[in-house]
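In what follows, a single structure is set out as structure tokens and then discussed.
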Amino acid sequence: MKKTGMKIKLLRTSLFVAAILLTTFSILWAASSGGHGEVHNAWTSNDTWKTLNFALLAIGVIFIASKILPSLLRSRAKGIEDEIKALESKKAEAEKNLADYQAKFKNIEQESKQIISDYIKQGQEAKTRIIESAEAQAEKLEEMAKRNIEQEFKSARMKLQQEIVEKAIEKAQEVIVASISSDDQDKLVDEYLKKVVA
């Protein structure tokens, strides 16, 4: 506000000096020529009234300007001061936002490293689970294959035993047939018939 008051005083002083200079200039002009192309050096009462009118007009303008201009300058200064305050608050807010973003960017780097390490850890755990699951399934398949092989062995053994028995029966029949004579066959048939009839 001190600067505004000093500016107003400077403006009043400069307006006053300008009025005095204009008054002096008009007096000199009036004294030098009448403005009609004729030369005369006499000062007339008309020139005095013109000079007084001009001086009064200049003083009135200075007085009015000294009343109006300070309020205009104060309001303009107030507007500029408010604008500066608004800009300073926006600047402070922007600096705060910048600091927040910089902190977030620092955290993003750490967070991205943490996320990557978490994914690697999860991948290792998934790998371990898959391997364990595959090993468990392989063991089950191996057990099933062993059971299937054992059953196939049992089945093959039974078939083999059955074939051996059948072959043995065939051989026994052949041996019996070869060793039994026709008289023995007749005896056997007779005995069988007696049993059936009885």
Along the charge dipole of region 49-198, pointing to its positive end and built from +1/-1 on Cβ of Lys, Arg, Asp and Glu, which listed residue (SER112, ASN148, THR128) has its Cα farthest out? SER112
Which of rounded, prolate or oblate describes region 59-198 when judged by the alpha-carbon gyration tensor and an a/c cut-off of 1.5? prolate
For SER66 and LEU98, compute 0.36 nm times the residue count separating them, minus their Cα-Cα distance, and round to one decimal in nm. 6.8 nm
Give the calculated FRET efficiency between ALA168 and ALA126 to the nearest 0.05, with a Förster radius of 41 Å applied to their Cβ-Cβ distance. 0.10
What does the extension gain come out to for LYS91 and ILE176, with contour length at 0.36 nm per residue minus their alpha carbon separation? 18.3 nm
Each residue of region 88-95 in turn: what ³J(HN,Hα) in whole Hz from Karplus with 6.51, -1.76, 1.60 and θ = phi - 60°, glycine and Pro shown as x? 5, 5, 5, 5, 4, 5, 5, 5
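Since every read-out is calculated from the coordinates, none of them should be taken as a lab result. Not measured: the values here are computed from a predicted model. Cβ coordinates were reconstructed from backbone atoms using ideal geometry, including for glycine residues, and neighbour counts include every protein chain displayed.
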